[in-house]
1. Once you place label points 7 Å from the Cα toward the Cβ at residue 472 and residue 19, how far apart are they in nm?
2. Ignoring everything except DSSP H segments at least 4 long, calculate the 222 nm mean residue ellipticity for the chain; use -39,500 (n - 2.57) per segment, divide by total residues, nearest 500.
3. Write down the percent of antiparallel bridges among all DSSP beta bridges whose residues are both part of the stretch 156-312, to the nearest 5.
4. Give me the one-decimal nm value for the distance between modelled label points at residue 157 and residue 308, 7 Å along each residue's Cα-to-Cβ direction.
5. How far is helix 364-375 tilted off the main Cα axis of the chain, in degrees rounded to 10, range 0 to 90?
6. Using only the Cα atoms of the chain, what do you get for the radius of gyration and for Dmax, in Å?
7. Assuming R0 = 30 Å, what is the FRET efficiency of residue 255 and residue 118, from their Cβ-Cβ distance, to the nearest 0.05?
8. Roughly how many Å is it from the Cα centre of the stretch 309-347 to that of the stretch 142-188, as a whole number?
């Protein structure tokens, strides 16, 4: 474990460029952004490193590029740019966007392969070895499948029969790590959250883990294995190692040791196995510390149905931003349900919640308060008193509860206005009206300070507006949607 507790290194999965950015990608990345912003406020910006990026190699990418009439690199350039633009539109403030086609990453992956070639397992066996691989291969999933994975002899996700494939591969000897993996997970040396995912992982270990292929002869678009030019890296070493190559491994040891181990890997449930088994075992083979925490969140459905291009219910984050703005979208995605569990997004509630919580709620509170102050030329002064940044709800991933607390602060400020009626007070007692609205303005600033990780632009506007020498109404923060 790292002795450096005064830093926070957080990662999202790297997103596969065969898919355009959708609401699922946005959700994971937004959660990472909230945590990164929170810890930046708590520890200092230079103490936080937030990594995201794209996974750009593999047969599926090469085929998609060909269908698009492009070379693989040109194709991946286009898709990576879509992700960067989507995150910019959502005001995602990452430190580094890694692409697995980056030459620095490619060179680092090749060095990692050389290290694995020399590594030994806990049982003293070579960590990697060469053997024949024969099986049913689905190019859509980009993986070998067993008969039990198929439905009527076809891949259930792509509705086509997998191909019979036999070739020489390099394998990682995961089976030698079964016992030590189980021990470390039980002892929370790698903390898997929520607790149910930890139990799920231990159950999978009980069923037995198999060695896995880390190279392909048949894949042409990938990182060349330095000691075997007939082979290209197959997914795992290339993709998973982004978490360490992005922070300097293996060449920049000073930078690497400053940030590793990762404090949090965020991901959806479909890649639990690869992060809970493959990644820790690869790190042990490299004699590196394990990540501290892996948080695996569930999928969500859209209005009760699985998100799918066929159904036509795939939601693009850019479409939400165009309608609700960056902060409105951030709020709507994080406030609707508890993070971590399988949930259902009710799209029809977005307008309703936007209007009730933001347009009629926060926006109206700010507008009516500033209007009363400006209209009556009241000498309201609010000092910006920075509170100690400490929010256990955010640190425990209870984002919707943290936002609920902020809504309650907003409601209490509204109630204070309704109870004291400052629009009447100004006619009889200017001093008391000023006192009431100074209190309300102070409450708005305090809730804005808490809002910074979630809605950074709105929080900044509110703080500037209500700590200014002269408070004015300004434009509506959240125009009502009809």
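Bear in mind these aren't lab numbers, they're just calculated from the coordinates by the rules spelled out. It should be emphasised that the depicted structure is a prediction, and the values quoted were computed from it without experimental measurement. Backbone-built Cβ (ideal geometry, glycine too); neighbour counts: all protein chains shown.
1. 4.7
2. Helix contribution divided over all residues of the chain: -13500 deg cm²/dmol.
3. Numbers: 7 of 14 bridges.
Antiparallel bridges: around 50 percent, rounded to the nearest 5.
4. 1.4
5. Computed tilt is about 40 degrees.
6. When restricted to Cα atoms, the chain yields Rg and Dmax of 25.8, 90 Å.
7. So, using R0 = 30 Å, E works out to roughly 0.80.
8. 32
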